[in-house]
Amino acid sequence: MTTDLMETGRFGAFGGRYVPETLIPALDELEAAYAHASTDAAFHAELDSALRHYVGRPSPLSDAPHLSAVVGAPVWLKREDLNHTGAHKINNALAQALLAKRMGKQRIIAETGAGQHGVATATVCARLGLSCVVYMGEEDMRRQSLNVFRMKLLGAEVVPVTSGTRTLKDATSEAIRDWVTTCDHSHYIIGSVVGPAPYPRMVRDFQAVIGREARSQMLERAGRLPRTVVACVGGGSNAMGIFHAFVPDDGVELVGVEAAGHGLETDAHSASLSKGRPGVLHGALSYLLQDAHGQVHPAHSVSAGLDYPGVGPEHAHLKDTGRATYVSVTDQEALDAFGRFSRLEGIIPALETAHAASWIMQNAGRWASGDPVLLCVSGRGDKDVAQVAEMGILPE
């Protein structure tokens, strides 16, 4: 992205700030703090040390021999599931928590869907001695009861959200309401590349470590850049994190996989880029699901982490410029891939990751035998095992 786009808080037409006036000073403060931290060697040293010695970065690049045989091309796995807490979310949560301490904020607010961002935020708050409040929809609390327990064990207060669909959109709305009245002493750690500026750029920058590592690792391990980079897209932070380093490489195809739920022809999906249209949600202009009257339409996905009716504004820009392609995978296809990927590679993926893996497997034969495919394994599937087991879809 060009400097002028970043400085205006927009990516093409998308992004910006659409928030109550009471939040403008807090966003200005955050913008200034992030700008200063971005050029501060001490901040980078503290963050890099924590990422290495606490999170466990760099995350490995694994080969996937059995999946590669199925696909007909070498598939490589960027293993964010091996980070501390089991997903990519801790990269951003840790960095924002360090930034919050620099701003003198001792109370952290977060939203969570699948629970991974909530767990990551609760973890770093425990590490840094910050208080933590996590908003989570009641439906997601039911689906992700293990992560609810983990957050409470780590000392976070988990606030059930009972409004709307009782999922991620509603949790985000409640977190923003809290922040509006407490921004003098609280910092809101948004978990994805969504929200008002500077959040989409800032979260992307904190997640871009995924792509920087993967680019270097591909050159070292595979001897070349990938032909295609594939990642699931809900709000879009793992995808933006791995895409960003490859955006300047014209020969690298970028593919984001959304949740098609019960099918794009139904009203029960989360494919904002495939079926949505531009509108404002949670402080930014991007693609979102809307009804005929322009109201936000409820999203659906078997995966709590993809169950969101909008998407990060930079993804909207990548779609409109044609730099990235966005496709979708249904609930059933993702569930099938959840089991198949586990048996092929001995890695139980998050249901979010299973969407991206499904698209790769469905497109077997699409790539030449020497064209590497890079998959971002955004998180591990421990959190989803109980939910999938309840559905009874896997053989005994």
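The values are calculated or read from the model by the stated rules, or taken from the named source; none is laboratory data. Not measured: the values here are computed from a predicted model. Virtual Cβ from ideal backbone geometry, glycine too; neighbours counted across all protein chains shown. These accessible areas exclude ligands, DNA and RNA; they are computed on the full protein's heavy atoms, side chains included. Shrake-Rupley method; radii C 1.70, N 1.55, O 1.52, S 1.80 Å.
Examine the range 68-75 for a residue that is of a type in the set (Val, Ile, Thr) and either in a loop (DSSP other than H, G, I, E, B) or open to solvent by 30 Å² or more (accessible area, probe 1.4 Å) (or both), and state whether such a residue exists. There is at least one residue in the range 68-75 that is of a type in the set (Val, Ile, Thr) and either in a loop (DSSP other than H, G, I, E, B) or open to solvent by 30 Å² or more (accessible area, probe 1.4 Å) (or both).
Listed here are the residues, each with its yes/no results for (1) assigned to a helix (DSSP H, G or I); (2) touching a Phe, Trp or Tyr at 6+ places or on another chain (Cβ under 6 Å).
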position	(1), (2)
THR85	no, no
ASN92	yes, yes
ALA97	yes, no
GLY104	no, no
ALA110	no, no
THR121	yes, no
ALA126	yes, no
CYS132	no, no
MET136	no, no
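Among the residues of the range 115-173, the one identified as crowded, with 24+ Cβ neighbours inside 10 Å and on the phi > 0 side of the Ramachandran plot is GLY115.
Quick grid of which residues meet (1) among the aliphatic types (A, V, I, L, M); (2) open to solvent by 50 Å² or more (accessible area, probe 1.4 Å); (3) more than 21 Å from ALA260 (Cβ to Cβ):
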| position | (1), (2), (3) |
| --- | --- |
| LEU318 | yes, no, no |
| THR325 | no, yes, no |
| LEU344 | yes, no, yes |
| ALA354 | yes, no, no |
| GLY365 | no, yes, yes |
| GLY392 | no, yes, yes |
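Taking each residue of the range 8-19 that is in contact (Cβ under 8 Å) with a residue 60 or more places away in the chain and in a loop (DSSP other than H, G, I, E, B) and looking for partners that are of a type in the set (A, V, I, L, M) and surrounded by fewer than 19 Cβ atoms within 10 Å (Cβ to Cβ) with beta-carbon atoms closer than 6 Å, six or more apart or interchain, yields TYR18/VAL280.
For the range 196-221, the tally of residues that are closer than 20 Å to ALA35 by Cα, of a type outside the set (Val, Ile, Thr) and either open to solvent by 40 Å² or more (accessible area, probe 1.4 Å) or out of contact with any Pro (no Cβ under 6 Å at 6 or more places or on another chain) (or both) stands at 11. With respect to the stated conditions, ILE24 fails to be part of a helix (DSSP H, G or I), surrounded by 22 or more Cβ atoms within 10 Å (Cβ to Cβ) and either at negative phi or touching a residue at least 24 places away in the same chain (Cβ under 8 Å) (or both). Hey, does the range 291-313 have a residue that's β-branched (Val, Ile, Thr) and crowded, with 21+ Cβ neighbours inside 10 Å? Yes, the range 291-313 contains a residue that is β-branched (Val, Ile, Thr) and crowded, with 21+ Cβ neighbours inside 10 Å. The single residue among LEU219, LEU273, LEU281, LEU288 that is touching a Leu at 6+ places or on another chain (Cβ under 6 Å), hydrophobic (A, V, I, L, M, F, W, C) and free of Cβ contacts under 8 Å to residues at least 60 places away in the same chain turns out to be LEU288. Going through (1) modelled with pLDDT under 95; (2) out of contact with any helix residue (DSSP H, G or I) (no Cβ under 6 Å at 6 or more places or on another chain); (3) outside any loop (DSSP other than H, G, I, E, B) one by one, ASP384 falls short only on (2). Condition check for ARG224 on (1) out of contact with any His (no Cβ under 8 Å at 6 or more places or on another chain); (2) of a type outside the set (Val, Ile, Thr); (3) under 25 Å from THR167 (Cβ atoms); (4) open to solvent by 10 Å² or more (accessible area, probe 1.4 Å): one failure, at (3).
Selection of the range 238-272 for residues being within 27 Å of GLU80 (Cα to Cα), among the aliphatic types (A, V, I, L, M) and either open to solvent by 10 Å² or more (accessible area, probe 1.4 Å) or within 15 Å of the chain's Cα centre (by Cα) (or both) yields ALA239, MET240, ILE242, ALA245, VAL247, VAL255, VAL257, ALA259, ALA271.
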